[in-house]
Amino acid sequence: MSNRRMPREERRRQLLETAATVIRTEGTDALTLARLAEQAGVTKPIAYEHFGTRAGLLIALYRHFDEQQSEAVHAALAETARTLDDAVAIVAAAYVDCVLQAGPEYGAIAAALSASEEMSDVRQTLREGYVDLYQAALARFVLDPAAVSRPLLLGLIAAADGLSEAAAAERMSRDEAVDALSRIMLGALRD
């Protein structure tokens with residue numbers, strides 16, 4: 001076991017990275033709090049203290065991937081978005097790239113939690129956050145900002161999910177997913 005005492009957030013980050021590795025190498029069924037503790041070199045109570053349950057761990061991982069995606073979109077939009085085409089290209093690439101960087105474990109986590117009511121609430125909350133982010137990022141580039149509605153953005157996010165998951169499963173390339181998502185978004189926003 002690891003004798004090194006870490007600050008709480010650093011330990012949590014270490015545990016999340018270890019959990020992602022377990023999923024990537026052994027699959028979601030292998031991920032338990034006991035297996036996480038073993039792989040991270042900590043005691044079981046430490047893993048339980050951070051996540052409470054296996055579902056809590058999976059939700060924390062899902063949120064962790066989502067935070068990375070949100071940060072990437074914010075950073076990219078702040079640097080280069082000057083037109084609607086720029087903003088859409090940035091959003092599309094950041095969304096697809098984040099899912100690809102998370103690897104197959106992102107989809108595996110979502111699938112493992114798909115029947116969980118708690119996960120349904122988490123996904124809805126995260127989607128609403130993306131709606132707000134995309135509304136702010138895209139509305140300033142269209143003639144009628146009201147046209148960038150919540151229902152439209154929810155549909156675009158669903159398209160982003162589907163295309164990103166297809167790219168992660170290697171049913172299409174990253175560039176094909178980004179191009180298709182960009183075209184869908186531009187088509188919807190220019191109407």
> How much length, in nm to one decimal, is gained on full extension between ARG24 and ARG183, taken as 0.36 nm per residue of separation minus their Cα-Cα distance?
Replying inline: 54.1 nm
>> Name the residue from CYS98, ALA159, ALA136 whose Cα lies farthest towards the positive end of the charge dipole of segment 89-191, charges +1 on Cβ of Lys and Arg and -1 on Cβ of Asp and Glu.
In response: ALA136
> What's the Kirkwood radius of segment 37-99 in Å, using all Cα pairs?
Replying inline: 13.8 Å
>> Suppose every Lys and Arg Cβ carries +1 and every Asp and Glu Cβ carries -1, with no other charges. What dipole size does the chain come out with about its Cα centre, to the nearest 20 debye?
In response: 560 debye
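Please identify the trypsin sites (Lys or Arg not before Pro) of segment 1-71 that satisfy two criteria: DSSP loop assignment and at most 13 other Cβ atoms within 10 Å. Which are they?
The qualifying sites are ARG4, ARG5.
Ignoring ligands, DNA and RNA, please state the percent of accessible area on the chain from carbon and sulfur, probe 1.4 Å.
51 percent
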>> Which one, SER164, SER120, SER70, has the greatest fluctuation when you compute a Gaussian network model over the chain with C-alpha springs under 10 angstrom?
In response: SER120
> Given only helices, namely DSSP H runs of n ≥ 4 each adding -39500 (n - 2.57), what is the per-residue ellipticity at 222 nm of the chain, to the nearest 500 deg cm²/dmol?
Replying inline: -26000 deg cm²/dmol
> Tell me, what is the per residue accessible area of segment 51-92 in Å², probe radius 1.4 Å?
Replying inline: 43 Å²
>> Considering the Cα positions of segment 99-183, please state its Rg to one decimal place and its Dmax as a whole number of Å.
In response: 14.3, 42
> Mind checking which of ALA92, ALA167, ALA146 has the largest fluctuation in a GNM of the chain, springs on alpha carbons under 10 Å?
Replying inline: ALA146
> If you wrap a convex hull around the Cα atoms of segment 1-134, how much volume per residue is inside, in Å³?
Replying inline: 111 Å³
> Under a plain spin-label model, where a point goes 7 Å from the Cα along Cα-to-Cβ, how far apart in nm are ALA115 and SER149?
Replying inline: 3.6 nm
> What full-extension length gain, to one decimal in nm, is calculated for THR80 and ALA55 as 0.36 nm per residue of separation minus the Cα-Cα distance?
Replying inline: 5.2 nm
>> If you filter segment 148-191 for trypsin sites (Lys or Arg not before Pro), then keep DSSP loop positions with at most 15 other Cβ within 10 Å, what is left?
In response: ARG171
> Applying the Karplus parametrisation 6.51 cos²θ - 1.76 cosθ + 1.60 with θ = phi - 60° to the phi angles of segment 166-179, what ³J(HN,Hα) value in whole Hz is obtained for each residue in order, glycine and proline being reported as x?
Replying inline: 5, 5, 5, 7, 6, 8, 7, 7, 4, 5, 5, 5, 5, 5
> For SER70 and THR43, FRET efficiency with R0 = 45 Å and r from the beta-carbon atoms, rounded to 0.05?
Replying inline: 0.90
>> Tell me which trypsin sites (Lys or Arg not before Pro) from segment 121-164 have a DSSP coil assignment and no more than 13 other beta carbons within 10 Å of their own.
In response: ARG140
> Length gain on complete extension for the stretch THR125 to ARG140, per 0.36 nm per residue less the alpha carbon to alpha carbon distance?
Replying inline: 3.0 nm
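The values are calculated or read from the model by the stated rules, or taken from the named source; none is laboratory data. Quick caveat: nothing in here was measured; it's all calculated off a predicted structure. Heads up, the Cβs are rebuilt from the backbone with ideal geometry, glycines too, and the neighbour counts pull from every protein chain shown. Quick note on the areas: whole protein, heavy atoms, side chains included, nothing else; ligands and nucleic acids left out. Shrake-Rupley method; radii C 1.70, N 1.55, O 1.52, S 1.80 Å.
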